[in-house]
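> Sharing a structure, written as structure tokens. Questions coming.
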Amino acid sequence: MRDYVICMDASGDIIREAAKENGIEFVPMEYSLGEEMRTSRGCEDNDLLRKFYDGQRNGDLTRTSQISPYMYEEYFKKFLEEGKSVLYFCLSSGLSATYESSMLAAGNLKEEYPETEVLPVDTLAATGGIGILVEKAIENRKNGMTLRENFDAIQAVIPHLRHYFMVQDLMYLKRGGRVSAATAIVGSALNIKPMLIIDDKGKLATVDKKRGNKAGMMSLFTFFQENYNPEAGDIVYICDADTPELAESLAAKVKEAAPEVKVRRTLLSPIIGAHTGPGMLSMILVGK
């Protein structure tokens, strides 16, 4: 069986231990904080992330830049030259052109490296949703699945992923073109917290509004109760953009309701945080 590496976008969130112990590779992505351009290589230092969200609170503008097919080719080449194939988990095609770019790169590389393969996975996910899929892929690889078997097994999980999250202000998502101006105007006043999902096409949709953070957090917990299916998966990702008290409260409620759940707590990657703003809180799981 040909060896293969598991790669993921720096826009995905995964617990540091899982990434480190299993040799997960990250495709670097660029983002800005104010005038400063930075490169995220996955699993950022928590102090740096808190500084990033503090910067946003203080008015620093944040944006991200797109990865070109050429950049993907250059990144994947180092593995192919070692005779390894690549299983690559990228941000939802409904949110970004990364999947399209990686597919173009994979096609170009096939001619140069016919013995190996780059298989991009359109996760239709973001943040901890990508983390859940990568953890599944790690488990599948340990169980002896080939590259293609693992790819097919992951495709079967994707439709069951559930993302539900709260943002403080939709203006960040509007600026990045992720929601319309009309949607963004809702809730920028009156302490209204917009609640969003990633739908089955991998796009963002606003589904509810809650007054205040506590009501938003309780809505995330209700979502967990309605969607949790231990037979489908016992891993839950709670990713937050520097709102530790709310995230801890949510994690505690989940553990109380279902003690067997493996709660993964991570700070949100700056690639997604650039578009959601500070104070975002999410609940991500494989659901019913």
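> Would you be able to tell me the number of residues in region 248-282 that are in contact with a Ser or Thr (Cβ under 9 Å, 6 or more places away or on another chain) and not β-branched (Val, Ile, Thr)?
Matching residues across region 248-282 total 12.
> With the requirement that a residue be open to solvent by 10 Å² or more (accessible area, probe 1.4 Å), more than 17 Å from ARG38 (Cα to Cα) and among the hydrophobic types (A, V, I, L, M, F, W, C), what does region 265-285 give you?
LEU267
> If you check every pair at least six apart or on different chains, which have Cβ atoms under 6 Å apart with a residue in region 84-98 that is in a loop (DSSP other than H, G, I, E, B) first and a residue that is open to solvent by less than 10 Å² (accessible area, probe 1.4 Å) and among the aromatic types (Phe, Trp, Tyr) second?
Listed by first residue and then by second, the contacts come to LYS84/TYR4.
> Let me ask you something else. For residues that are in contact with a Gly (Cβ under 9 Å, 6 or more places away or on another chain) and in a helix (DSSP H, G or I), scanning just region 100-134, find the one that is surrounded by the most Cβ atoms within 10 Å (Cβ to Cβ).
Within region 100-134, the match that is surrounded by the most Cβ atoms within 10 Å (Cβ to Cβ) is GLY128.
> What residue, among those in region 27-48 that are more than 30 Å from LEU119 (Cβ to Cβ) and touching a strand residue (DSSP E or B) at 6+ places or on another chain (Cβ under 7 Å), is most open to solvent (accessible area, probe 1.4 Å)?
The residue in question is MET37.
> Criterion first (of a type in the set (A, V, I, L, M), assigned to a strand (DSSP E or B), at pLDDT 90 or above and open to solvent by less than 30 Å² (accessible area, probe 1.4 Å)) does LEU246 satisfy it?
no
> Please work out if CYS90 is of a type outside the set (Lys, Arg) and either modelled with pLDDT under 95 or surrounded by fewer than 20 Cβ atoms within 10 Å (Cβ to Cβ) (or both).
no
> Right, here's the next one. Across region 1-26, what is the total count of residues that are in contact with a helix residue (DSSP H, G or I) (Cβ under 6 Å, 6 or more places away or on another chain) and either surrounded by 24 or more Cβ atoms within 10 Å (Cβ to Cβ) or part of a strand (DSSP E or B) (or both)?
9
> How many residues are over 18 Å from the mean Cα position of the chain (by Cα) and modelled with pLDDT under 90 if we restrict to region 60-83?
Residues flagged as over 18 Å from the mean Cα position of the chain (by Cα) and modelled with pLDDT under 90 within region 60-83 amount to 2.
> Report yes if some residue within region 63-74 is of a type in the set (A, V, I, L, M) and either touching a Phe, Trp or Tyr at 6+ places or on another chain (Cβ under 8 Å) or under 25 Å from ALA153 (Cβ atoms) (or both); otherwise report no.
The answer is no; no qualifying residue exists.
> Next question. What pairs come up if the first residue lies in region 223-240 and is open to solvent by less than 20 Å² (accessible area, probe 1.4 Å), the second is among the charged types (D, E, K, R) and not in a helix (DSSP H, G or I), and their beta carbons are under 6 Å apart, counting only those six or more places apart or on different chains?
As it stands, the answer is TYR237/ARG264; ILE238/ARG265; CYS239/ASP13, since those pairs meet every condition given.
> Let me ask something else. Out of the residues in region 225-239 that are out of contact with any Gly (no Cβ under 8 Å at 6 or more places or on another chain) and under 27 Å from GLU44 (Cα atoms), state the one that is modelled with the lowest pLDDT.
Per the criteria, the residue is GLY233.
The values are calculated or read from the model by the stated rules, or taken from the named source; none is laboratory data. Quick caveat: nothing in here was measured; it's all calculated off a predicted structure. We place every Cβ from the backbone using ideal geometry, glycine too, and count neighbours over all the protein chains shown. The area values use the complete protein model at the heavy-atom level, side chains included, leaving out ligands, DNA and RNA. Shrake-Rupley method; radii C 1.70, N 1.55, O 1.52, S 1.80 Å.
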